[in-house]
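The structure appears below as structure tokens.
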Amino acid sequence: MTVTALPDTTPPKRGWYKRNEIAVTPWLFLAPAILFFAVYVIIPIFQSFSISLYDWDGLGEAEFVGLGNYVELMDDSAFEVSLWNNLKWLLFYLLAIPAGLFIALFLNQTVTGIRIYKSLFFFPFVLSQVVVGLVFAWFYLPNEGLLSNMLGWFGFEPINVLGDPTLATYGIIAAGLWPQTAYCMILYLTGLNAVDPEQVEAARLDGAKGWKMLWYVIIPQLKPATFIAFVVTIIGALRSFDLISIMTNGGPFGQTRVLSFYMFEKALSEYGFRMGYGAAIAVVLFLIMLVFIAYFLWSMYQEDKGAR
Amino acid sequence: MFPRPIQQASPVAQTAYKTLLPIALIMWLLPLIAVAMFSIKPASDFTQGNYWGVPGSFDFFKNYGQVFFNSDMPRYMLNSVLITVPTVIGAVALSAMAGFALGIYKFKSNLWVFFMFVAGNFVPFQILMVPVRDLTLDMGLYNTKTGLVLFHIAFQTGFCTLFMRNFIRALPFPLIEAARVEGVAEWRIFWFVVLPLMKPALAALAVLIFTFIWNDYFWAIVLTQGPDAQPVTAGITSFNAQFRAAYHLMSAGSIVAALPPVLMFFLMQKHFIAGLTLGAVK
């Protein structure tokens with residue numbers, strides 16, 4: 001053959017990996033994370049959708065019932081209560097954002113010891129919701145609790161917050177607001193730190209002060225902090241479970257249930273192992289969350305486009 | 001600076017501010033102060049109805065000693081450590097790699113993979129509950145620490161990857177290009193160029209994940225039961241059942257359970273807050 005006679009000008013043979021290094025490396029680095037995430041997060045989402053179409057006690061044979069579980073949900077008054085409570089959580093939990101901003105404005109000074117004040121104000125966020133729930137449950141105790149005692153000093157009757165079907169949910173939300181406000185506060189403190197001092201000075205020269213300054217100059221600059229505060233508060237509101245489980249266990253008369261808690265109750269507690277029905281509740285919760293997730297992702301996508 | 005520095009205000013306003021600060025703080029932490037006070041009271045105070053008065057005696061050592069030596073608390077604490085630490089290591093390792101891949105390389109599905117992690121991180125736990133519990137049962141890992149650790153690693157990888165990717169994005173890209181021109185292998189770029197620059201992000205994530213996992217309650221009660229594997233958040237409820245209405249002991253137990261993340265926060269405050277507020281400023 002003549003070809004062999006030619007001098008070998010091609011570079012020394014490189015392996016397949018070497019030639020495709022740039023294309024293959026990211027997937028090698030991603031593989032473990034994607035594997036874990038797919039097995040424990042992505043696939044289970046679809047499995048839950050499928051389980052919600054069955055009547056299943058978790059052990060025996062699952063029986064296909066189509067949309068039966070969802071039809072049953074329509075007439076389930078406990079489901080309705082949970083849904084309304086979720087709405088209350090969403091609305092009132094958002095109070096953490098203005099409250100956090102308020103505390104951040106209060107603490108955004110440079111006096112001695114302010115750093116310690118800031119970290120102590122942030123402190124509740126580090127506690128587990130279980131501890132927060134216990135602490136507030138004792139705070140609310142009908143006769144011995146600090147709240148009833150303080151009401152007593154001002155001549156009011158003691159109240160049993162967690163024993164009152166209409167008050168209980170608000171009592172739990174108030175407990176949840178405590179750490180959540182701390183979180184929003186720290187977001188805003190960081191945001192305030194980065195506010196452009198020149199703009200503030202310029203606005204001051206133009207005669208802006210107080211509320212006007214806050215509304216037209218400061219808050220627009222805090223937009224990234226507000227966005228994150230909004231995301232974590234919405235997610236937190238829809239995830240509320242620990243506090244309810246610890247403080248009232250869904251009572252009194254099931255009036256403090258939310259979807260996440262009701263789902264757990266149906267699928268895994270003494271009320272029986274109705275996995276299919278529980279999965280259907282979880283799907284409803286997931287779909288509510290999906291609206292927000294889609295919005296968050298869309299905002300992030302817009303930002304990502306702008307960044308390039 | 002906004003609001004206007006207090007130093008520019010009248011002396012009266014300054015004094016008012018400085019007295020208001022501690023009062024506000026005490027009111028803010030009032031529920032917690034109450035529990036701390038409960039935890040040093042003797043049992044007799046509660047039977048006599050002395051809930052809010054001066055403690056009858058100072059029983060700090062007695063109450064906390066009871067928690068440490070006469071209950072399952074130390075076991076629950078140990079379980080929590082054995083669940084939390086491997087999770088932190090696993091989630092940080094997986095997400096450092098994933099974040100490197102998503103932050104450095106341009107490929108078609110990059111943004112989609114990234115969004116998968118972000119979206120997964122936001123889903124309600126309940127949609128995962130039944131399948132994950134089943135999977136854990138099938139693998140024979142129900143009521144084991146390993147079962148919890150594996151799930152936590154997987155779930156936290158979502159948030160950690162979001163964090164790592166954004167952090168790596170902000171690194172100077174010419175550095176990596178220079179290394180490539182030199183012919184440095186890609187995995188060496190990761191190990192010797194990018195990883196050393198990621199130390200602040202690794203530290204921030206480690207403290208955050210430690211706190212998140214230590215405080216997890218939902219998965220603890222879904223995937224474990226009993227003192228063999230349950231972490232302290234779940235254990236505290238059985239502890240409280242054991243010492244029903246013994247407020248001094250329940251308070252002491254809660255404080256002990258809450259302590260590790262609190263210490264972590266105060267020791268690593270800078271990293272902790274840097275992690276939490278990532279993205280709060282442009």
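The values are calculated or read from the model by the stated rules, or taken from the named source; none is laboratory data. Only a predicted model underlies this, so the values are computations on that prediction, with no experimental measurement involved. Because the Cβ atoms are built from the backbone with ideal geometry, glycine has one as well, and the counts that use them run over all protein chains shown.
If you go through region B:178-223 and pick out every residue that is among the small types (Gly, Ala, Ser) and either part of a loop (DSSP other than H, G, I, E, B) or farther than 24 Å from residue B:158 by Cβ (or both), you end up with 4. Is one or more of the residues making up region B:176-194 touching a residue at least 40 places away in the same chain (Cβ under 8 Å) and more than 14 Å from residue B:97 (Cβ to Cβ)? The answer is yes, given that some residue of region B:176-194 is touching a residue at least 40 places away in the same chain (Cβ under 8 Å) and more than 14 Å from residue B:97 (Cβ to Cβ). Considering (1) of a type in the set (A, V, I, L, M, F, W, C); (2) within 11 Å of another protein chain (Cβ to nearest Cβ); (3) surrounded by fewer than 17 Cβ atoms within 10 Å (Cβ to Cβ), the lone condition that residue B:214 does not fulfil carries the number (3). Filtered by the rule that a residue be in a helix (DSSP H, G or I), touching a Gly at 6+ places or on another chain (Cβ under 9 Å) and free of Cβ contacts under 8 Å to residues at least 40 places away in the same chain, region A:43-76 gives a lone residue, A:68. Within region A:186-212, residues that are on the phi < 0 side of the Ramachandran plot sit with their Cβ atoms under 8 Å from residues that are assigned to a helix (DSSP H, G or I) and loosely packed, with under 13 Cβ neighbours inside 10 Å, at 6+ positions apart or across chains, in these pairs: A:203/A:216; A:208/A:216. For region B:129-169, the candidate set comprises residues that are among the hydroxyl-bearing types (Ser, Thr, Tyr) and out of contact with any Leu (no Cβ under 6 Å at 6 or more places or on another chain); within that set, the residue that is farthest from the other protein chains (Cβ to nearest Cβ) is B:144.
Of all the helices (runs of 4 or more DSSP H) wholly in region A:193-257, which have at least 3 residues that are modelled with pLDDT under 90?
A:197-205, A:210-213
Close contacts from region A:119-132, counting a first residue that is under 15 Å from residue A:108 (Cβ atoms) and facing chain B (nearest Cβ under 7 Å) and a second that is among the β-branched types (Val, Ile, Thr) and surrounded by fewer than 23 Cβ atoms within 10 Å (Cβ to Cβ), with Cβ to Cβ under 9 Å and a gap of 6+ residues or different chains, come to A:119/B:273; A:121/A:103.
The rows are residues; the columns are (1) without any contact (Cβ under 8 Å) to a residue 24 or more places away in the chain; (2) surrounded by fewer than 15 Cβ atoms within 10 Å (Cβ to Cβ).
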position	(1), (2)
B:45	no, no
B:49	yes, yes
B:72	no, no
B:83	no, no
B:99	no, no
B:110	yes, no
B:129	no, no
B:133	no, no
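Considering region A:258-292, and only residues there that are assigned to a loop (DSSP other than H, G, I, E, B) and charged (D, E, K, R), the residue that is surrounded by the most Cβ atoms within 10 Å (Cβ to Cβ) turns out to be A:274.
When you scan region B:1-70 for helices (runs of 4 or more DSSP H) that lie fully inside it, which ones turn up with 2 or more residues that are more than 11 Å from chain A (Cβ to nearest Cβ) and of a type in the set (Phe, Trp, Tyr)?
It comes to B:60-69.
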